[in-house]
1. So which of B:Lys9/B:Lys116; B:Lys116/B:Lys203; B:Lys9/B:Lys203 end up more than 26 Å apart by C-alpha?
2. From the backbone phi of the stretch A:122-131, what are the Karplus-calculated ³J(HN,Hα) couplings (6.51 cos²θ - 1.76 cosθ + 1.60, θ = phi - 60°) in whole Hz, Gly and Pro given as x?
3. Kirkwood hydrodynamic radius for the protein assembly as shown: how many Å is it when counted over pairs of different Cα atoms?
4. Please give the Cα centre distance for the stretch B:7-36 versus the stretch A:268-316, rounded to the nearest Å.
5. Mind checking B:122-130 for the average number of partner chain beta-carbons within 10 Å of each residue's beta-carbon?
6. What dipole magnitude, in Debye to the nearest 20, does chain B give about its Cα centre under +1 on Lys/Arg Cβ and -1 on Asp/Glu Cβ?
7. Pop out the Kirkwood hydrodynamic radius of chain B from its pairwise C-alpha distances, inverse of mean 1/r, in Å to one decimal.
8. Which of A:Gly161, A:Gly199, A:Gly274 moves most in a GNM of chain A, Cα contacts under 10 Å?
Amino acid sequence: MRARLQLPQGASCFALEEARRRRAIEARVVSVFGGWGYQEIIPPLFDEAVTFDPSLASKLYTFTGREGTTLALRPDFTSLVAKIAAGRLAHVEAPLRLYYSGEVVRYEPPRAGRQSEFHQMGLEFLGGEGPAADLEILAIAIECLEALGVAEFVLAIGHAGVLTPLLDEAGLTSDDSRRAAVEGLGRRDPKAVGQALEGARGSETARRGLVGLAHDHGIRQSLDASRAAFAGIDRALLALSELDLIIEALNEAGLQGRVTIDLSESRGLDYYTGLVFRIYGRGLGFDLGGGGRYDSLLGRFGRPMKAIGFMLSLDRLALLVERLGGAASDEAPAASVQGPTLGDSVRDARVLRARGERVLFGGRP
Amino acid sequence: MRLTVALSKGRLMAGTEALFSSVGLGFPPQDTRRLIVEAGDLRFLFIKDMDVPVYVEYGVADVGVCGSDVLLEAGSDVLVPLDLGYGRCRMVVAAPPERGFGGGGEWPPALRVATKYARVAREFFEGRGLSTEIVALQGSVEIAPSLGLSDCIVDMVETGRTLRENGLVVVEEIAATSARLVVNRASDHLNRTGIAALLDRLKAGLGVAATLQNVDRGA
């Protein structure tokens with residue numbers, strides 16, 4: 001009987017031109033990371049399942065270790081990097097600028113340009129505080145896309161500190177109603193947000209503000225309009241003024257065309273504490289990556305410090321770059337080597353190789 | 001940037017044409033068999049209703065119109081900023097009355113459900129702690145219980161006439177559905193002006209006041 005040729009659903013495999021294009025993209029992105037002073041970290045392929053973010057628990061590929069502990073293949077990098085920074089790298093003084101590039105796996109059906117196994121390239125600025133760190137991350141993300149020749153892209157930025165006080169003030173106390181409101185906002189669905197708010201007895205401003213974020217472009221996309229809409233909700237206004245500072249600096253740097261405000265952007269409120277963003281490029285219908293500030297994660301591992309990071313999906317970038325016709329091979333064709341004897345062939349090939357040329361070894365006389 | 005709109009040639013078509021025409025957006029004539037048609041500032045794709053959220057999620061279309069029943073079943077990651085109000089229907093569980101389902105009655109331990117909406121049906125009964133066997137059909141679901149193919153069905157009803165004529169009664173309503181405008185996430189940012197203008201025009205056509213009222217009532 002012939003062996004099955006099919007890979008399991010969700011498994012990734014790349015070869016030939018496709019593999020070359022992915023490595024070319026990876027090299028460019030990683031060189032941008034390095035250019036901003038980030039050093040590589042190569043985290044383990046698996047760790048104890050409890051290390052990873054609880055929101056990913058249902059998507060883990062788990063197995064049992066020799067001592068009976070439940071282990072999991074890594075579903076993302078950030079928790080691992082935070083754990084290593086607090087453990088093995090405890091002696092290295094903060095701030096730490098670290099980047100990674102590698103595969104992660106999540107138990108979910110292939111969808112929207114990625115398999116269950118996919119490749120993330122990202123960085124974590126551990127100990128990065130204030131608007132300076134936020135701007136550094138945004139500037140690096142912008143440069144990565146420029147380096148790949150993506151002409152038209154935009155970073156949609158929001159702030160976790162806007163939504164959390166609105167949910168509190170609106171009187172959404174149960175986890176279920178908060179989740180329903182955030183999911184509704186994520187889908188920009190005013191009906192769903194309205195439903196989540198049913199029975200909430202909090203401030204009228206906060207309730208109207210939440211629904212406004214879903215249906216009013218002004219409140220969602222303009223800091224002035226949102227300031228007016230959230231008047232009196234001080235913590236939300238504070239977050240807006242943080243965003244203001246960032247936008248102003250980006251404008252000053254001539255990057256205004258690269259960012260857009262989206263205050264309904266939440267990316268998981270249990271985790272993010274400040275700036276959040278997603279990256280979109282013309283030619284692909286889903287985001288290319290994103291990131292944000294997560295000031296409370298490192299505390300979980302006993303080394304409390306502020307942090308911000310982002311990641312790019314190599315799989316989606318490869319799709320986009322292919323559509324844009326970019327990252328073509330610029331290598332010269334290999335020279336065919338075939339001497340009168342096998343020994344001559346080997347010698348000739350080595351001479352060419354010493355000059356740095358690519359060879360196609362003919363071998364036989 | 002010309003926006004691409006995905007529509008289905010189904011029961012929502014008349015309502016969509018009326019809405020688009022009422023606010024001065026172009027709409028292609030219906031006498032053509034072409035599936036990609038340009039009209040006014042828009043490009044229209046005519047596809048199967050179940051495919052509308054898929055085209056929009058992948059960004060092949062910037063926006064689309066489909067029933068919320070289709071959205072529930074497809075589970076696509078798209079924005080749903082506008083309830084267009086027409087095409088109102090109900091997604092229900094229906095069964096022969098003699099089975100005595102619903103109203104606090106017992107469900108059999110292993111329920112067989114015939115439906116076009118496998119995902120919706122599974123999630124609904126799982127939410128009740130019931131294990132189900134889904135019999136996935138493409139249409140004429142109403143005849144399944146009388147032929148012994150299933151215990152009940154999950155399907156859309158508008159007037160209930162088809163159910164009655166096939167000896168079924170509604171035992172539970174799963175969701176009230178209507179036509180929704182769906183928008184691609186990337187397009188929402190990359191074509192921000194165009195999408196916002198389209199949304200504003202459609203809202204004007206529906207009457208913004210009515211929309212806000214719905215929101216306030218949490219409808």
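Every number here is computed from the coordinates shown, using simple stated rules; none is lab data. Small disclaimer: the values here were computed from a predicted structure and weren't measured. Cβ placement follows ideal geometry from the backbone for every residue including glycine, while neighbour counts extend to all protein chains displayed.
1. Beyond 26 Å between Cα atoms: B:Lys116/B:Lys203.
2. x, 9, 10, 9, 8, x, x, 10, x, x
3. Numbers: mean 1/r = 0.0371 Å⁻¹.
By the Kirkwood definition, the hydrodynamic radius is 27.0 Å.
4. Answer, in whole Å: 41.
5. Details: counts 0, 0, 0, 0, 0, 0, 0, 0, 0.
For peptide B:122-130, the averaged partner shielding equals 0.
6. 440
7. Working: mean 1/r = 0.0533 Å⁻¹.
Hydrodynamic radius (Kirkwood, Cα pairs) of chain B is 18.8 Å.
8. For chain A, modelled as a Gaussian network with Cα springs under 10 Å, the answer is A:Gly199.
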